[in-house]
1. Give the number of residues within the stretch 1-26 that are assigned to a loop (DSSP other than H, G, I, E, B) and in contact with a strand residue (DSSP E or B) (Cβ under 9 Å, 6 or more places away or on another chain).
2. Out of curiosity, is Glu29 surrounded by 10 or more Cβ atoms within 10 Å (Cβ to Cβ), in a loop (DSSP other than H, G, I, E, B) and either out of contact with any Pro (no Cβ under 7 Å at 6 or more places or on another chain) or of a type outside the set (A, V, I, L, M) (or both)?
3. Could you list, ordered by first residue, the pairs with Cβ atoms under 7 Å in which the first is in the stretch 8-33 and under 18 Å from Thr50 (Cα atoms) and free of Cβ contacts under 8 Å to residues at least 40 places away in the same chain and the second is acidic (Asp, Glu) and in a strand (DSSP E or B), at least 6 apart or interchain?
Amino acid sequence: MIPVGGFYEWTGAKGRRQPHFIRSAGNEETLFLAGLASRWRNLLTCTIQTL
């Protein structure tokens, strides 16, 4: 689980894309996204699952 305050979703035709900020619709300030974390050498990294 990766905690975030929100994220951007881009829509529109190529070359004319517009950003839309997505955040919680309720009283919660934090969204949780699916993700994976790993340690590579001495660096902690993570990735977020998107469609």
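1. 7
2. So Glu29 fits the description; yes.
3. Pairs found: His20/Glu9; Ile22/Glu9.
Bear in mind that the values in this text are calculations on the coordinates, not laboratory data. Note that the coordinates shown come from a computational prediction; the quantities given were computed from them, not determined experimentally. Positions of Cβ are backbone-derived with ideal geometry, glycine not excepted, and every protein chain shown enters the neighbour counts.
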